[in-house]
Structure formats: C-alpha cells, structure tokens
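For reference, the structure discussed in these notes is given below.
The values are calculated or read from the model by the stated rules, or taken from the named source; none is laboratory data. Not measured: the values here are computed from a predicted model. Counting neighbours? That spans all protein chains shown, and the Cβs are built from the backbone with ideal geometry, glycine included. For the accessible areas, the whole protein counts, side chains as well, though only heavy atoms, and no ligand, DNA or RNA atoms are used. Shrake-Rupley method; radii C 1.70, N 1.55, O 1.52, S 1.80 Å.
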Amino acid sequence: QQPVQSPQAVILREGEDAVINCSSSKALYSVHWYRQKHGEAPIFLMILLKGGEQKGHDKISASFNEKKQQSSLYLTASQLSYSGTYFCGTWGETNFGNEKLTFGTGTRLTIIP
Amino acid sequence: DSGVTQTPKHLITATGQRVTLRCSPRSGDLSVYWYQQSLDQGLQFLIQYYNGEERAKGNILERFSAQQFPDLHSELNLSSLELGDSALYFCASSPTPWGRDQETQYFGPGTRLLVL
C-alpha cells in the first residue's frame, strides 16, 4: 500500500513555511524523504528510524510518529531552491529481507519570489 | 554529480522489443537499487542487489529481470515491451545492504525509455 502524502501541491512565497505529511496504513520501520526537481534524479534528504529523534539540517527537518504511522517534513523560511516534488519512502515493519521501499504519492512544492 | 552512472540516457524502441539498461554504482557501493518512475504511478521500487545477490524485490514484472555483476555494475533487462513501460528508470547505490536504515541512497541521472 502506497503511503499517502498531503497536500498534493502547494505554492508558497519565498520565506514562508510548509509542512508535508506522509501517512501509511501499515507499521513502519523507517521513513526516507527525497526531493526531485523536474527531469532530475531524486536527492536524498533524510531518514527517520523507528524510535529515533526528529531530524533536520539547515531549515528542513522531519519527524516520525511511529504510533500513528506518520511522518512530517517541515520546511521553514522557504527558499527558491526548495521548489520540486517531495517524496516520502517507507520501509515496512515486516520480516527482514522481504520488505520493500514504497514511495508516497508526492507533493509538488512551488516557491515564488 | 552523485557518482552513479546510467546508460543510455534516452532509449526509443517499439512494442515487443527487448532493451538493457546499465548502471554503475558509486565507487565502493555494494548495493544497487532499480526504480521506475512513470507519470501515473510515481516512483516504484523494482529490485535491489547487494554484492551480486538479489536482496529485495518490489513491483518488478516477470518480463523484467536484473543482475549485478562481479564488478558491481548492474543491468536491468526489459523484454516484450509494452506502451505502459515507457518511463524513467533510475538506479541508486549505497554502501550497505540495509536499505531500510541506511543513511543515503545516491541516484543516477536515469534512463528515459519511450516505447512506441
């Protein structure tokens, strides 16, 4: 089952904040976040592990609520370079070796000056 | 530049044909992952290899197969191609086999496949 991301798309002015949510219907071991610009390869942003702390670097951070099977990506004081499509990828809490990385539906973020 | 290379960049072929996509991981990385990205289905994990052996399997069709060679490069073979196979195919690499808790996967630039 594909994780569901919300919102599907968001437009922000430079300097505004955004929150992107990722929800799964199954128990999760970890959540990965990626950003992809049009026509380019996805760039890994961060990973959150079950039992881990909230992570972040610069003005991008993320949290993982394993009980709710949800993760949120926080972008503060957004910059033009933050534009792109954000994907969450989830690893299920199943028999080790048989899991697979399942990507969310994607959130298109557009930052305007 | 992630250090992961993929060839060819673009591929145009006809239905029913067979193609091979190639991926060279970053120096020192033993894991290779293949992904398919199409407009209507987003980013789909296909398969992972670690040091020559299949490690995890995703939504890979039976018409598709992959392998990782002793020099660690990997090939994805797509056969009996259909229009719906048109997509961007990415490979990614990482040092470890533990896909679920490793820190980073490095993506290659992708191969754009168009089936006519």
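Summary of values
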| item | result |
| --- | --- |
| Every residue from segment B:47-80 that is outside any strand (DSSP E or B) and touching a Ser or Thr at 6+ places or on another chain (Cβ under 6 Å) | B:R63, B:H73 |
| Residue that is away from every other protein chain (no Cβ under 14 Å), surrounded by 14 or more Cβ atoms within 10 Å (Cβ to Cβ), closer than 23 Å to A:W91 by Cα and over 10 Å from the mean Cα position of the chain (by Cα), where the choices are B:L81, B:L61, B:L72 | B:L61 |
| Of all residues making up segment A:54-85, the number that are open to solvent by 50 Å² or more (accessible area, probe 1.4 Å) and within 14 Å of chain B (Cβ to nearest Cβ) | 3 |
| Residue match in segment A:27-39 (condition: surrounded by fewer than 18 Cβ atoms within 10 Å (Cβ to Cβ) and more than 21 Å from B:Q105 (Cβ to Cβ)) | yes |
| Residue match in segment B:34-45 (condition: farther than 19 Å from A:F87 by Cβ and touching a strand residue (DSSP E or B) at 6+ places or on another chain (Cβ under 7 Å)) | no |
| Residue ID - nearest to the chain's Cα centre (by Cα), chosen from residues in segment B:22-58 that are among the basic types (K, R) and away from chain A (no Cβ under 11 Å) | B:R22 |
| Residue pairs meeting the criteria (Cβ under 6 Å; at least 6 apart or on separate chains; first free of Cβ contacts under 8 Å to residues at least 40 places away in the same chain, in segment B:51-63; second part of a loop (DSSP other than H, G, I, E, B) and among the basic types (K, R)) | B:G58/A:K100 |
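A quick yes/no check of all residues on (1) away from chain B (no Cβ under 11 Å); (2) under 19 Å from A:G92 (Cα atoms):
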| position | (1), (2) |
| --- | --- |
| A:Q8 | yes, no |
| A:G15 | yes, no |
| A:S23 | yes, yes |
| A:L28 | no, yes |
| A:H32 | no, yes |
| A:K37 | yes, no |
| A:I43 | no, no |
| A:I47 | no, yes |
| A:K50 | no, yes |
